[in-house]
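Heads up, the thing below is written out as structure tokens.
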Amino acid sequence: MMERLEARAEAIGRSGVARAVARLVVLLGEALPGAGVEAGEDQVVVRGRGLIEDPALRWIAGWFR
């Protein structure tokens, strides 16, 4: 019984991560129109030139340091 509960909890967690990644890709894409924003399985990658100078991106990056 515990195995089923653990499997269900893991599935719920993976689903939540997937939703958060998808939402973050949309929000960053809107906030940084000149950047390429890609979603990985459990990560978001932002690519572009001059992004380090963008105050919005610096603010976001500060959360993940």
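The values are calculated or read from the model by the stated rules, or taken from the named source; none is laboratory data. Here the structure is a predicted model, which means the values were calculated and not measured. Cβ placement follows ideal geometry from the backbone for every residue including glycine, while neighbour counts extend to all protein chains displayed. Surface accessibility is based on the protein's heavy atoms, side chains included, excluding ligands, DNA and RNA. Shrake-Rupley method; radii C 1.70, N 1.55, O 1.52, S 1.80 Å.
A few remarks follow.
- Scanning the stretch 1-11 for residues that are exposed (fewer than 10 other Cβ atoms within 10 Å of the Cβ) and either assigned to a helix (DSSP H, G or I) or of a type in the set (G, A, S) (or both) returns M2, E3, R4, L5.
- The stretch 12-51: number of residues that are open to solvent by less than 60 Å² (accessible area, probe 1.4 Å) and not in a helix (DSSP H, G or I): 10
- Contact map, the stretch 12-23: first residue within 11 Å of V44 (Cβ to Cβ), second residue surrounded by 10 or more Cβ atoms within 10 Å (Cβ to Cβ) and aromatic (F, W, Y), Cβ cut-off under 7 Å, separation 6 or more or different chains; the map is empty.
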